[in-house]
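Okay, structure first, notes after.
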Amino acid sequence: MLNFSLIGAGRIGKMHAKIIKAHPKTNLKYVFDVNSKLANDVVKLIGCTKAKSIEQAINSKNVDAVLIASATPTHTKYITLAAKAGKAVFCEKPIDLNINNVNACQRDIQNFKVPIQIGFNRRFDLSHLKAQKARANKEIGELEMIVITSRDPKPPGIDYLKAAGGFFRDATIHDFDLTRFILGDDPVVQISAFGGALFDKNAKKIKDQDTAMFILKSKKGVLIHINNSRRAVYGYDQRVEVFGSKGMIISNNQVPNSVERFTSKSTNTKDTLHFFFIERYEQAYKDQFNEFVKCVIKKTTPKVTFEDGKNALIIANAAYKSLKSGKVINVKF
Ligand SMILES: NC(=O)c1ccc[n+]([C@@H]2O[C@H](COP(=O)([O-])OP(=O)(O)OC[C@H]3O[C@@H](n4cnc5c(N)ncnc54)[C@H](O)[C@@H]3O)[C@@H](O)[C@H]2O)c1
């Protein structure tokens, strides 16, 4: 049995707590959150212990692994503490919003050889995975284009927006990682980004974006289009198209049920899509955790590494440079 400490008992932390509890080889020992009420909620839900301090949560001898799901600016500090304590680390994306902090963290932990996996859950979605495999085994021939559509159901509140660090580093970072995953060993070399606040007053107020489009190019010349919105009235819109010389794979939207309505007013209408990420990527969140547990037990390298987290942030930074300058930016890892 692997004993876990969970740091952060918010939206995604609570979901991870349930996954840890449900896994046959893991146990949630401690939860820690600066918001005591949220930590108590997880204690009630799971039956674990509320850690008195971050030190107790991370350093306790009976803890094997730490799952970091606290607010983004806390990640590097907790990764470093956990690595120094010799604990395996699963950390939510992004590692940090500032590349200098990511580099400093990488230097600080380089001598502590613990497994670290970053929470890019979309790599584990079975349909996206099939699209990636179709590229890897050349089922679609030579890869020529990737098209990713990723739109949230509704914009978050202003407090979330202020803490999130910008649309590209908070949301598009998933799509930058998915792009790198599908491309395999063919790196992104250029990006151009457009964005604006078209409908969300909060995004406008803090000079963030709610709508964005990106064109990227890989070293081999593959063209990638990503489009994002903070609002899709029909639900969480997640589609990936992988196009090549021998055809195309589409990882399409998934719906909670298969009902289709035929009435005097319309035919073939379906219910709205899954509400948001927790519902749409339920299987992916479980599979990414299974993978992490496997790596810790078998002492293998995680499939989504610290370096992957860093590289997605490098692309997001280049996207902001492009947005500000109106130019195509060369991406250097
Ligand atoms: N992979 C995904 O699909 C996904 C989805 C949502 C969020 N996330 C990431 O997960 C992280 C948390 O996001 P969320 O939506 O759950 O946010 P949230 O605001 O609901 O939860 C964050 C929690 O961190 C706690 N916290 C803040 N400072 C802390 C500290 N110093 N020590 C311990 N706890 C602290 C807060 O009290 C809060 O309970 C973010 O980094 C976010 O980017 C990833």
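The values are calculated or read from the model by the stated rules, or taken from the named source; none is laboratory data. Keep in mind it's a predicted model, so treat the numbers as computed, not measured. Cβ atoms come from the backbone with ideal geometry, glycine included; neighbour counts cover every protein chain shown.
So the values come out like this:
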quantity: Residue match in region 306-326 (condition: assigned to a loop (DSSP other than H, G, I, E, B) and out of contact with any Pro (no Cβ under 9 Å at 6 or more places or on another chain)); calculated: yes
quantity: Answer from 133, 50, 77 - the residue that is of a type in the set (D, E, K, R) and closer than 27 Å to residue 162 by Cα; calculated: 77
quantity: Lone qualifier among 257, 253 - being surrounded by fewer than 14 Cβ atoms within 10 Å (Cβ to Cβ) and polar (S, T, N, Q); calculated: 257
quantity: Within region 59-100, tally of residues that are within 15 Å of the ligand (Cβ to nearest atom) and either in a loop (DSSP other than H, G, I, E, B) or under 18 Å from residue 293 (Cβ atoms) (or both); calculated: 17
quantity: Close pairs from region 236-256: first at pLDDT 95 or above, partner of a type in the set (Ser, Thr, Tyr) and not in a loop (DSSP other than H, G, I, E, B), Cβ under 7 Å, at least 6 apart; calculated: 237/149; 238/150; 239/149; 239/251; 240/251; 251/127
quantity: Cβ pairs under 9 Å, 6+ apart, first in region 149-167 and without any contact (Cβ under 8 Å) to a residue 24 or more places away in the chain, second of a type in the set (Phe, Trp, Tyr); calculated: none
quantity: Check on residue 20, within 11 Å of the ligand (Cβ to nearest atom) and under 19 Å from residue 85 (Cβ atoms); calculated: no
quantity: Neighbours by Cβ (under 6 Å, 6+ apart or cross-chain): first from region 3-22, farther than 16 Å from residue 64 by Cα; second among the β-branched types (Val, Ile, Thr); calculated: 9/31; 9/42; 15/278
quantity: Condition met for residue 212 (more than 16 Å from the ligand (Cβ to nearest atom), of a type in the set (Gly, Ala, Ser) and in contact with a Phe, Trp or Tyr (Cβ under 9 Å, 6 or more places away or on another chain)); calculated: yes
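A quick yes/no check of all residues on (1) over 21 Å from residue 139 (Cα atoms); (2) surrounded by 14 or more Cβ atoms within 10 Å (Cβ to Cβ):
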| site | (1), (2) |
| --- | --- |
| 239 | no, yes |
| 246 | no, no |
| 261 | yes, no |
| 278 | yes, yes |
